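Just so it is clear, none of the values below were taken in a lab; they were calculated from the coordinates. Owing to the predicted nature of the structure, the values given are computational and were not obtained by experimental measurement. Backbone-built Cβ (ideal geometry, glycine too); neighbour counts: all protein chains shown.
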Amino acid sequence: MPYSKQEVIRVRITDAADEDKWMGRLPDGPVVFVLGPAAIGDLVDARIIKIKKAYLEARLTAVIEPGPDRVDAPCPHFGTCGGCKWQHVAYPKQLALKEKAVRDVLERIGGFAAPEVAPAIPADPIYGYRNKVDFTFSDRRFLEPHEMEEETPRDTSFAVGFHAPRQYGKVLDLEVCHLGTPEMTQVLHLVRRFALDRQLKPWSTKTNSGFLRNLVVRQSVATGEVLVNLITTWREEAVMEDLAGTLEAGLGADRLTFVNGISTRLNLVAVNDDSFVHRGTGRITEVLDGLSFGISPNSFFQTNTRQAERLARAAIDAAGLGPGTKVWDLFCGVGTLALFAARTGAEVTGLEVVPEAVEDAKENAMANQVESVRFGAADLMHFARDLPRLRERWGDPEVVILDPPRAGLHPKTVDGLVALAAPRLVYVSCKPASLARDAARLRDEAGYRLGPIQPVDMFPQTAHVEAVAMLER
Ligand SMILES: C[S@@+](CC[C@H](N)C(=O)[O-])C[C@H]1O[C@@H](n2cnc3c(N)ncnc32)[C@H](O)[C@@H]1O
């Protein structure tokens, strides 16, 4: 190719390739993938970083002519933070790209011809929608470009915020996150100030030493309650009591619950191996469509409350339930979909691996006086092996709802579904590529036909998309 590395090329963007990758074609033929916040229709300059036989990879250096779907990104960290990369794309265009992404992977990975993909259900609001934000502490602060140019070098030994993209272990010291609520940003500032004043040290991934690990803040849309979970490597009761006072003074005692989680893991996954409650009950309550859910620090709960209601309705509609329909809700978490399903009169069994989530699910069923639902702990990786026992215990389902993590179904879980051969499956997917792979196996090995697919936008300003797919035999 008549191009060289570091050369700056000018290209018109015609498509989205990935979250942070956009595509165009040079007049003499080669496809270019442009990294950085480009948008469809933009004419951009980009510096070549990779030359392959069939394509070039380049990094955005300047937008020469903005395309029709480009908007101003409101966040001061936009472009450096890994959190959300589509703030500069007009919301209707984000939705169209997500719908297309679902269709594309079903065709390309799943081999489904002309899948029936509906327009994505839009979110409202499109900022401040997260009910949980997970900040990380680090002793390796990532400096933003303008910070690197400052005369007095910054101290890089403390940061609390988000991991910088492609900078393993480095964390951006965040001022604000527009995807969370103002209270989450307030807690971030209160805890940072407290930690710096007390000279509390972040835990280091390199030396496995240091105190502060994660700051997870959850807020209920329905009640306004705030759950602050500060994860540390060991317990300092007096320090945590002082911090509890600071948080209480800032947020108000009536809506705060503060937990000190302890973890000695060798990674920064925000899980409490032990929890000490300093204020409140250690749980908050969220309400979805009239159903209330208790949420404790380790439980999974859909991150976008308003959209979770729409997602659950889409899943229940696809399931076509009525009084007495036998349903299994696999990967049921705290029982969200199970309770929505049981409310139709269906008889529901929810299965889930995290014991606390199963306990929460049982309590949620009781609190909402939903009777036709039962929950059990099960590692669905062993679904095929355990299937005879599960069938005997719970009876064969007519509908199986599946809501696995992003990786999708374990191959052995698919083996179990093939053996079970339930008449209808409703697959709620947070990664369409996993859905496409799993649905293809279910089609090839058990004769399932892929019905309508409803994308739901749970995460505006990012490329992520959730989809509800119906499969029938
Ligand atoms: C995407 S969440 C869905 C939760 C729930 N349906 C909801 O809407 O709140 C996935 C759930 O799968 C659970 N999970 C992950 N791996 C599992 C496994 N091997 N067996 C059973 N559950 C698992 C997680 O703990 C989590 O609760």
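Expressed in nm², what is the orientationally averaged projection area of the convex hull enclosing the Cα positions of the chain?
Details: hull surface 96.6 nm².
Orientation-averaged projected area of the Cα hull: 24.2 nm².
Scaled against 2.2 N^0.38 Å for its residue count N, the alpha carbon radius of gyration of region 132-288 is 1.02. Excluding same-chain neighbours fewer than eight residues apart, the lysines reachable from Lys201 by a Cα-Cα span under 23 Å are Lys170.
Going by a ≥ b ≥ c, the root eigenvalues of the Cα gyration tensor, does region 260-340 fall in the rounded group (a/c under 1.5), the prolate group (a/b larger than b/c) or the oblate group? Prolate shape, in that a/c is at least 1.5 and a/b is the bigger ratio.
Work out the FRET efficiency for Met148 and Lys52 from their Cβ-Cβ distance, taking R0 = 30 Å, and round it to the nearest 0.05.
Values: r = 31 Å, r/R0 = 1.02.
Efficiency, rounded to the nearest 0.05: 0.45.
Dipole of region 8-65 computed with +1 at Lys/Arg Cβ and -1 at Asp/Glu Cβ about the Cα centre; of Ile64, Thr14, Gly29, farthest Cα towards the positive end is Gly29.
Where only DSSP H runs of four or more residues are counted, the chain gives -8500 deg cm²/dmol as its mean residue ellipticity at 222 nm, each run worth -39500 (n - 2.57). Taking Cβ atoms as reference points and 14 Å as the exclusive limit, the residues near Glu236 contribute a net charge of 0, counting Lys and Arg as +1 and Asp and Glu as -1. Based on the Cβ-Cβ distance from Glu392 to Glu236, what FRET efficiency comes out when R0 is 51 Å, to the nearest 0.05? The computed FRET efficiency comes out at 0.55.
Tally Lys/Arg at +1 and Asp/Glu at -1 over every other residue whose Cβ is under 14 Å from the Cβ of Val399; what's the total?
Details: positive: Lys326, Arg424, Arg473; negative: Asp317, Asp329, Glu347, Asp396, Glu398, Asp403, Glu472.
Overall, the nearby charge balance is -4.
This ranking places Glu225, Glu392 by how few other beta-carbon atoms lie within 10 Å of each, fewest first, which gives Glu392, Glu225.
Sorted fewest first by neighbouring Cβ atoms within 10 angstrom, Ile126, Ile316 come out as Ile126, Ile316. Packing, taken as the mean count of other beta carbons within 10 Å per residue, orders the peptides 305-315, 182-192 from highest to lowest as 305-315, 182-192. Charge tally for Ala312 (other residues, Cβ to Cβ under 14 Å; Lys, Arg +1; Asp, Glu -1): -3. Per-residue extension of 0.36 nm, minus the Cα-Cα distance of Phe276 and His382, leaves a gain of 34.9 nm for this segment. Show which lysines lie in cross-link reach of Lys362 when reach means a straight Cα distance below 23 angstrom and same-chain residues fewer than eight apart are skipped. Of all the lysines, those that pass the test against Lys362 - Cα under 23 Å, at least 8 places apart if same chain - are Lys132, Lys326. Seen from all directions on average, region 8-65 presents a Cα convex hull projection of 3.4 nm². In terms of surrounding Cβ atoms within a 10 Å radius of their Cβ, Val334, Val102, Val287 rank from fewest to most as Val287, Val102, Val334.
Just need the relative contact order of region 8-65 here, percent rounded to a whole number, with Cα pairs under 8 Å and 6+ apart.
Details: 150 pairs, mean separation 18.9, N = 58.
Once divided by the residue count of region 8-65, the mean separation gives 33 percent.
When restricted to Cα atoms, region 55-141 yields an Rg and a Dmax of 16.9, 50 Å, respectively. Spin-label model, Gln6/Arg406: points 7 Å from Cα along the beta carbon direction are separated by 3.5 nm.
Our summary gives region 77-195 a relative contact order of 25 percent, counting only alpha carbon pairs under 8 angstrom and 6 or more residues apart.
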